[in-house]
Amino acid sequence: MKVRVDPDKCQGHTLCAMEAPGAFELSEFDGHSTARFETVPADLEQAVRDAAKTCPEQAIVVTD
Ligand code: SF4
């Protein structure tokens, strides 16, 4: 499973980092999120899926 954050959609709500703190990194500058890794470790897959559902901008792109 792979994940990335679309920088054009991300508005820095930070919800993804609350939902999956190990998976996303927030910019100190503008709060925008990036995925910490392209391929998601198995133990974080559910949290990343939950974060993708939580993101109000639908900026988190998950592919299997
Ligand atoms: S929840 Fe969505 S919009 Fe907010 S920081 Fe995370 S990816 Fe960006």
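The values are calculated or read from the model by the stated rules, or taken from the named source; none is laboratory data. What you see is a predicted model; the values in this text were computed from it and never measured. Virtual Cβ from ideal backbone geometry, glycine too; neighbours counted across all protein chains shown.
Go over the candidates Ala20, Ala42, Ala59, Ala51 one by one and state the one that is exposed (fewer than 13 other Cβ atoms within 10 Å of the Cβ), modelled with pLDDT of 95 or more and among the hydrophobic types (A, V, I, L, M, F, W, C). Result of the check over Ala20, Ala42, Ala59, Ala51: Ala42. With a requirement of 1 or more residues that are of a type in the set (Val, Ile, Thr) and within 12 Å of the ligand (Cβ to nearest atom), the strands (runs of 3 or more DSSP E) lying completely within the chain that satisfy it span 2-5, 33-35, 60-63.
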